[in-house]
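Participant: The structure under discussion is supplied below as structure tokens; questions concerning it will follow.
Just so it is clear, none of the values below were taken in a lab; they were calculated from the coordinates. None of these values were measured; they are calculated from a predicted model. Using ideal geometry, Cβ is built from the backbone for each residue, glycine included, and neighbour counts are taken over all protein chains shown.
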Amino acid sequence: MDQGGSLRANGSVHADPFGEQAFTFECDAGPIGGLMSKWQQQRAEKKRRALARLRKGLPDVFPSNVLSRALARPFVPPTPRLAIDSYWRAHPLRADRLARALAARSGQPDGWTWQLRKGQDGMQTTFRVPPAPYREKAFARGGGFCCVCGQSVYQFGWHIDLWGRGPNKRATWHCACVIAWQFWNAPSEQAPLLRRLQARRCCETGGRLWKDAEVDHRVPLYRVWSEYRDTPWPDLLNYWGLPNLQVINRDAHMLKSADEARDRSTKRSLTARDSAVSA
Ligand SMILES: [Zn+2]
């Protein structure tokens, strides 16, 4: 996984990522105190301070892709932790993929089945929320383990121990898993990204996506609960992740939802009839 790459901040990969150039980038507009406006000076000063703070807190080894992104931001994240947060926030699809890959390493805990209960012991109350065995009290692994994927959490919420310090006992989330969790629970927030991924074509009709297009689960979540509930975890998570998401035009979505509502209604009637017969 490319997220595991690292760099010595003062090493040879980037000769000096905090070099003079990083501090004087704003000077292109003219000499300070001359052409540069007060606003530009304040902004440059803010960036200089953030860079200095980041440099101070940065360990010798740090993921190079995260550092490169942080240094290129107009507002530099002032701490390594914020740099990592900012990286995953910018890459929710990578976070989704990574969280599912990490969950696959953990596998389904023995004795766990996907059940819904009224908010007891960390259990989900609705099938709309992705199943998360390691968030349930009975299967939680405790401090130093991620409650989403079940794997160890290291410094700065990273998923690989680049620093040889072992798991961070106070952490219970990977930074990537926070973003994946948000994505699984509110995929519509990433509609612009998903639209781009589909080259702005509607997955239902093949036509152009309109402005009011909506994010949809290909296999609706009620069917995941009613028909695929026994799928081993973490394969279940694929129904919340990118493999089951699509952007479709609003009218196509309404037709699909109407079909699904009919399907649910038929299933309810059949279940009611079967119950009446067996009674
Ligand atoms: Zn995790």
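Participant: So if each residue of separation counts as 0.36 nm, and I subtract the Cα-Cα distance between Arg264 and Asp161, what length gain in nm does that give?
Facilitator: Value of the extension gain: 32.4 nm.
Participant: Give the Cα extents of region 189-249 along the principal axes, in whole Å, largest first.
Facilitator: 36, 18, 17
Participant: I've got another one for you. Please arrange Asp259, Asp110 by counting, for each residue, the other beta carbons lying within 10 Å of its beta carbon, fewest first.
Facilitator: Taking fewest neighbouring Cβ atoms as first place, the list is Asp110, Asp259.
Participant: Something else now. For Ser188, Ser226, what's the fewest-to-most ordering of other Cβ within 10 Å of each Cβ?
Facilitator: Ser188, Ser226
Participant: Here's another thing I want to ask about it. Once R0 is set to 22 Å, what does the formula 1/(1 + (r/R0)^6) return for the Cβ-Cβ distance between Thr126 and Glu189, expressed as a FRET efficiency to the nearest 0.05?
Facilitator: 0.70
Participant: Rounded to the nearest Å, what's the spacing between the alpha carbon centres of region 197-233 and region 133-185? Just the number, please.
Facilitator: First find each Cα centre; the distance between them is then 28 Å.
Participant: Which shape class, rounded, prolate or oblate, goes with region 144-279 when its Cα gyration tensor gives a ≥ b ≥ c as root eigenvalues, a/c under 1.5 marks rounded, and past that a/b bigger than b/c marks prolate?
Facilitator: Oblate shape, in that a/c is at least 1.5 and b/c is the bigger or equal ratio.
Participant: Sticking with this one: What are the lysines whose alpha-carbon lies under 16 Å from the alpha-carbon of Lys137, with same-chain residues fewer than 8 places away excluded?
Facilitator: Candidates past the 8-residue exclusion: Lys118.
Participant: While we're here: Given axes a ≥ b ≥ c from the Cα gyration tensor, I'd like to know whether region 129-192 is rounded (a/c under 1.5), prolate (a/b larger than b/c) or oblate.
Facilitator: Since a/c reaches 1.5 but b/c is at least a/b, the shape of region 129-192 is classed as oblate.
Participant: Between Asp212 and Lys56, 0.36 nm times their residue separation minus their Cα-Cα distance comes to what?
Facilitator: 51.6 nm
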